[in-house]
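Below: one structure, written as structure tokens.
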Amino acid sequence: RLYAVLKTIKDALQDRQVTELMPTGLTGKQAEIVAKINEQREKFVEAMDDDFNTARAIGGLFDVARLINGFMAGKPSLAAPETLFALYQARQYFQEVGAVVGLFREEADSYFLTDREREACKRGINATEIEGLIEERNAARREKNWGKADEIRKALAGQNVILKDSPVRTTWEIG
């Protein structure tokens with residue numbers, strides 16, 4: 001769940017240059033998010049001072065994850081500097097805490113790829129074949145052969161492979 005939030009933040013920021021400088025006039029939900037993240041930073045230091053209370057520290061990570069998930073569910077404007085700043089602050093918090101307690105040493109995309117490959121192997125699914133079928137489906141979609149594209153999607157769904165189409169690419173995961 002924590003890696004899912006990190007991926008959500010990464011995808012939202014899309015390698016945009018966001019600085020630590022707070023936009024002037026930070027108000028509303030974004031101001032609330034930043035304030036709560038700063039509270040969690042203080043609680044993290046308290047947890048570490050409390051005989052390295054990692055359970056409490058990790059609990060703070062889940063609190064921030066819930067906060068960001070709720071924020072993103074409201075579909076904030078990803079073009080607004082205030083939104084980018086709030087997400088940047090969340091990412092920084094995860095990186096700071098992770099560095100101390102030994103979490104998030106792997107990028108979210110890499111983590112999910114490894115997890116998907118491990119799960120595919122357990123279920124006897126060949127990732128190369130899946131990728132080939134996805135490419136075949138994409139070709140059918142480009143040719144507007146919707147029947148063939150749907151047939152491939154259904155065949156993959158029969159293997160518990162879930163496709164996620166975006167304007168840029170099709171990704172997959174095991175359900």
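The values are calculated or read from the model by the stated rules, or taken from the named source; none is laboratory data. Here the structure is a predicted model, which means the values were calculated and not measured. Cβ sites come from the backbone with ideal geometry, for glycine too, and all protein chains shown count toward neighbours. Remember, those area values only see protein heavy atoms, side chains included, never the ligands or the DNA or RNA. Shrake-Rupley method; radii C 1.70, N 1.55, O 1.52, S 1.80 Å.
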Give me the distance in nm between label points sitting 7 Å out from Cα along the Cα-to-Cβ direction at residue 17 and residue 54, one decimal.
3.9 nm
FRET efficiency for residue 105 and residue 27, Cβ-Cβ distance as r, R0 = 35 Å, nearest 0.05?
0.45
Pair residue 79, residue 4: separation of 7 Å Cα→Cβ label points (nm):
2.9 nm
Mind jotting down the three principal axis lengths of the chain based on Cα atoms? Whole angstrom, largest first.
57, 38, 23
To the nearest 20 debye, what is the magnitude of the charge dipole of segment 126-175 about its Cα centre, counting +1 on the Cβ of each Lys and Arg and -1 on the Cβ of each Asp and Glu?
220 debye
Candidate lysines for bridging to residue 36, where Cα separation is under 22 Å - those fewer than 8 sequence places away on the same chain excluded:
7, 10, 75
Lysines with Cα under 24 Å of residue 144, excluding same-chain neighbours fewer than 8 positions away
154, 164
Using each residue's phi in segment 10-18, evaluate 6.51 cos²θ - 1.76 cosθ + 1.60 at θ = phi - 60° and report the 3J(HN,Hα) Karplus result to the nearest Hz, with x for Gly and Pro.
4, 5, 5, 6, 6, 6, 6, 7, 10
Pop a pseudo-label 7 angstrom from the Cα along the beta-carbon direction at both residue 157 and residue 43 and give the gap in nm to one decimal.
4.0 nm
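May I ask you to give the solvent-accessible area per residue for segment 31-175, in square angstrom, as obtained with a 1.4 angstrom probe? If you can, show how the numbers build up before the last one.
On the way: 8600 Å² over 145 residues.
On a per-residue basis, segment 31-175 sits at 59 Å².
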Options 8, 60, 97, ranked by Cα towards positive dipole end of segment 1-152, top entry (Cβ charges)
8
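Suppose R0 equals 45 Å. What FRET efficiency, 1/(1 + (r/R0)^6) with r the Cβ-Cβ distance, do residue 126 and residue 66 give to the nearest 0.05?
Values: r = 37 Å, r/R0 = 0.81.
Once rounded, the FRET efficiency stands at 0.80.
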